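Peer 1: Dropping a structure here in structure tokens format, bear with me for questions.
Just so it is clear, none of the values below were taken in a lab; they were calculated from the coordinates. Here the structure is a predicted model, which means the values were calculated and not measured. Backbone-built Cβ (ideal geometry, glycine too); neighbour counts: all protein chains shown.
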Amino acid sequence: MADCIFCKIAQKEIPSKLVYEDDTVVAFRDLEPQAPQHVLVIPKKHVESLLALEEEDKALVSHILVDVIPQLAQKLGIAEKGFRVVANTGEEGGQTVKHLHFHLLGGRSMQWPPG
Ligand code: AMP
């Protein structure tokens, strides 16, 4: 989508610290990390949020959750101690960028409940 910052990152039109890429997914370091390891995992395809996913996106989301995130957690060294995956959705969910993204956070003990 033309004005979407994460589409531009996926298309390498603006720089990011990429940590993973395949045909359908990219992952890059969050600009304002909330943990020692804080990566955003996004589909290259523009999907606004979890609420905008369609039947045809099932394989893509499954790929992100089943393949990419566990593999990245291993690569970043946070698999053993544990990590958190967050998909902020909509206004009260705290979503500021309207392109589906999964925060992968680790490297410190996470608090619960979230603020
Ligand atoms: P959310 O609030 O869940 O929509 O998360 C958006 C995240 O994107 C925030 O954690 C921002 O720090 C991050 N962010 C915004 N712009 C960029 C960028 N150009 N590169 C990396 N991370 C970004």
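Peer 1: For the chain, what does the helix formula give at 222 nm: sum of -39500 (n - 2.57) over DSSP H segments with n ≥ 4, over the residue count, nearest 500 deg cm²/dmol?
Peer 2: Numbers: 4 runs with 23 residues, N = 115.
After summing the helix terms and dividing by residue count, I get -4500 deg cm²/dmol.
Peer 1: A follow-up question, please. In the neighborhood of Pro33, defined by Cβ-to-Cβ distances under 15 Å, what is the net charge if each Lys or Arg adds +1 and each Asp or Glu adds -1? Intermediate results must be reported in sequence, preceding the final value.
Peer 2: Values: positive: Lys17, Arg29, Arg84, Arg108; negative: Asp30, Glu32.
Within the 15 Å Cβ shell, the charges total +2.
Peer 1: In a shell of Cβ-Cβ distance under 15 Å around Leu51, excluding Leu51 itself, what net charge do Lys and Arg (+1) and Asp and Glu (-1) give? Walk me through the intermediate numbers first.
Peer 2: Values: positive: Lys58, Lys98; negative: Glu48, Glu54, Glu55, Asp57, Glu91, Glu92.
Local net charge: -4.
Peer 1: So, with +1 on the Cβ of K and R and -1 on the Cβ of D and E, and no other charges, what is the size of the charge dipole of segment 34-115 about its Cα centre, to the nearest 20 debye?
Peer 2: 440
Peer 1: Roughly how many whole Å is it from the C-alpha centroid of segment 25-40 to that of segment 51-96?
Peer 2: 12
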